[in-house]
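One structure is given here, and the rest of the page talks about it.
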Amino acid sequence: MSRDRLVEAVVARCRNDHIEPPAPARGRRLVGRAMKDFDTRFCRTTVDRLSHMTRSRLEDVVANGEPGGEGAVAGGGRSFLSELKTDPGAPGLESPLAEVNKLERVRTLDLPADLFADVSAGGFSGSVRGVR
């Protein structure tokens with residue numbers, strides 16, 4: 001849900017509960033803070049579910065561009081994270097093979113299968129969902 005729609009929902013809820021709704025700027029700040037708090041709590045909970053080894057592998061990806069710390073990006077090449085975020089592109093023989101390659105590389109991180117089992121697709125706030 002967009003930030004504007006969340007502000008509208010806050011105002012509607014206040015009116016429904018016969019509470020003076022916040023001024024527009026205050027409502028935006030309240031929703032922004034709630035979204036930031038959600039993102040912080042979501043990220044903390046997610047990291048807490050990871051094993052020490054998985055955390056270490058993720059840190060290697062962030063620091064060096066590859067799981068295991070090998071293959072650091074040099075000379076303007078794309079990092080592993082950049083590759084993960086790219087669109088698969090037009091259908092063709094190369095695009096499914098490239099996506100399979102990405103999945104195999106992600107599997108080396110050893111992420112738990114149920115890492116996001118309790119999170120709906122709509123449950124991400126704008127800042128987490130909008131990461132690209």
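When only alpha carbons of the stretch 1-49 are considered, Rg and Dmax amount to 13.2, 41 Å.
Once both labels are positioned 7 Å from their Cα atoms along Cα-to-Cβ, the gap between ALA98 and VAL62 label points is 2.7 nm. All other residues whose Cβ lies under 15 angstrom from that of PRO112 are scored, Lys and Arg at +1 and Asp and Glu at -1, for a net of 0.
Computed from backbone phi, the HN-Hα couplings of the stretch 84-89 come to 4, 7, 6, 5, x, x Hz, rounded to whole numbers (Karplus: 6.51 cos²θ - 1.76 cosθ + 1.60, θ = phi - 60°; Gly and Pro given as x). Multiplying the residue separation of SER51 and GLU20 by 0.36 nm and subtracting their alpha-carbon distance yields 6.5 nm.
Every number in this text was worked out from the coordinates using simple rules, so none of it is lab data. Quick caveat, the model's predicted, so the values are computed rather than measured. We place every Cβ from the backbone using ideal geometry, glycine too, and count neighbours over all the protein chains shown.
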